[in-house]
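Heads up, the thing below is written out as structure tokens.
What follows is calculated from the coordinates using simple rules that are stated; it is not laboratory data. All of these numbers come straight from a predicted model, not from anything done at the bench. Cβ atoms come from the backbone with ideal geometry, glycine included; neighbour counts cover every protein chain shown.
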Amino acid sequence: MAGLKELRTRIDAIKSTQKITSAMKMVAASRLRRVQILVDKNFGYSENLRKSALRVMMEIENEEETKGVQFMRPLLLQQKKNPTRYTLCVISSDRGLCGAYNSNIAKRAAQRIRELQKAGKEITVACIGKKAYDILRRYFSDSNIILNRVDNNYRGLTYADMAHKLSDEILKQFIAGEFDVCEFVYADFKTAISRTYECEQVCPLELNTEHLNDEQLQLINRSGNAFYEYLPDKLTLLTEILPILFNDNLFKIVVNSAASEHSARMTSMDSATRNAKKMISELTLKYNSLRQSAITTELIEIIAGAEAI
């Protein structure tokens with residue numbers, strides 16, 4: 001009977017765990033739906049904003065080629081030929097129970113840090129989130145990189161406010177010459193069950209046409225059969241667009257990170273709930289088998305005793 005009592009205790013404990021994991025799954029799913037709306041809405045806006053900046057940039061480059069002039073690039077586009085100081089911002093979560101989400105982000109950040117170390121770069125790592133900070137601190141405890149945790153500055157902020165604050169702080173540091181290049185390591189949300197782990201340069205901005213096909217490139221400076229005209233001049237317009245694009249890039253990174261975290265936690269808790277259900281089923285079967293065996297043994301003892309009398 002001691003075995004039966006132990007099994008009952010285990011089944012009750014697993015049922016309690018199952019309730020917790022099921023509730024956490026529903027909470028994560030609810031949060032994911034809210035953030036996914038922001039990701040979807042932001043996608044079209046980001047694409048149009050980037051195309052607008054690319055359009056103006058290509059017009060300036062064409063004008064430089066045809067007229068033989070050279071325009072001064074806005075600060076956000078001024079890249080050093082041989083950058084030496086890098087700031088790496090790593091976005092992870094403060095809590096666990098989301099599968100391999102945090103460890104994958106830390107691995108991607110560690111890979112990039114080692115690449116920069118081999119190239120002889122000066123590296124400062126700013127972690128937004130406790131989990132990646134703890135992992136990277138173990139990886140590079142004996143290294144000379146500067147590792148900071150800065151998530152306390154962004155607690156309680158909405159995604160938009162967080163992006164604005166990040167944007168302001170990074171721009172101030174860039175203008176002050178505290179770094180040459182700023183990169184973000186984050187999880188890029190694809191679907192509820194898939195995400196990629198990216199290392200993206202955000203400052204200075206990179207305006208390239210790699211993601212556009214030939215047809216899109218031909219039509220980028222036209223709307224139907226009409227060509228674009230610019231007022232004010234192209235350089236002033238580009239200078240005004242770039243801070244908006246920069247802030248939007250950070251907002252995209254923040255909401256994709258949040259969506260990836262919630263989707264990873266939802267998937268992890270769903271898996272834990274299903275595993276708990278399977279364990280309960282197996283233990284219940286074992287419990288019933290032992291109980292039946294115990295009852296059969298008692299009946300045999302009673303019958304044997306009665307026959308002896």
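A few notes on this one:
- Each residue of region 86-96 was assigned a 3J(HN,Hα) from its phi angle through the Karplus curve 6.51 cos²θ - 1.76 cosθ + 1.60 (θ = phi - 60°); the sequence is 10, 10, 10, 9, 10, 9, 9, 9, 8, 10, x Hz, with glycine and proline shown as x.
- Annotation: amide H of CYS203 within the under-5 Å range of CYS182, sequence separation 5 or more or interchain, hydrogens built in the peptide plane.
- Per-residue HN-Hα couplings for region 14-20 [Karplus 6.51, -1.76, 1.60; θ = phi - 60°; Hz; x = Gly/Pro]: 5, 4, 5, 4, 4, 4, 5
- Chain lengthening between SER103 and LEU207 when straightened (0.36 nm per residue, less Cα-Cα): 34.4 nm
- Whole-angstrom gap from region 24-94 to region 107-154, using each part's C-alpha centre: 23 Å
- Straight-line cross-link reach from LYS278 at under 16 Å between alpha-carbon atoms covers these lysines, not counting any fewer than eight positions away in the same chain: LYS15, LYS19, LYS286.
- For the chain, the direction-averaged projected area of the alpha-carbon convex hull comes to 24.5 nm².
- Helix 234-308 and the long axis of the chain differ in direction by around 10°, with both axes built from C-alpha atoms.
- Whichever lysines have a C-alpha closer than 27 Å to that of LYS51, once near sequence neighbours (fewer than 8 apart) are set aside: LYS41, LYS67, LYS80, LYS81, LYS165, LYS172, LYS190, LYS234, LYS252
- The relative contact order of the chain comes to 32 percent, based on Cα pairs under 8 Å that sit 6 or more residues apart.
- Extended-chain gain in nm, criterion 0.36 nm per residue less alpha-carbon gap, SER46 and ASP12: 7.2 nm
- Positive contributions from Lys and Arg (+1) and negative ones from Asp and Glu (-1), summed over other residues with Cβ under 15 Å from the Cβ of SER263, come out at +4.
- Counting charges near THR9 (Lys, Arg +1; Asp, Glu -1) among other residues having Cβ under 15 Å from its Cβ returns a value of +4.
- C-alpha long axis of helix 101-118 to longest principal axis of the chain, angle in °: 40 degrees
- Applying 0.36 nm per residue to the separation of LYS118 and SER271 and subtracting their alpha-carbon distance, the gain on full extension is 51.1 nm.
- Between 0 and 90 degrees, the angle of helix 159-175 with respect to the longest Cα principal axis of the chain falls at about 50 degrees.
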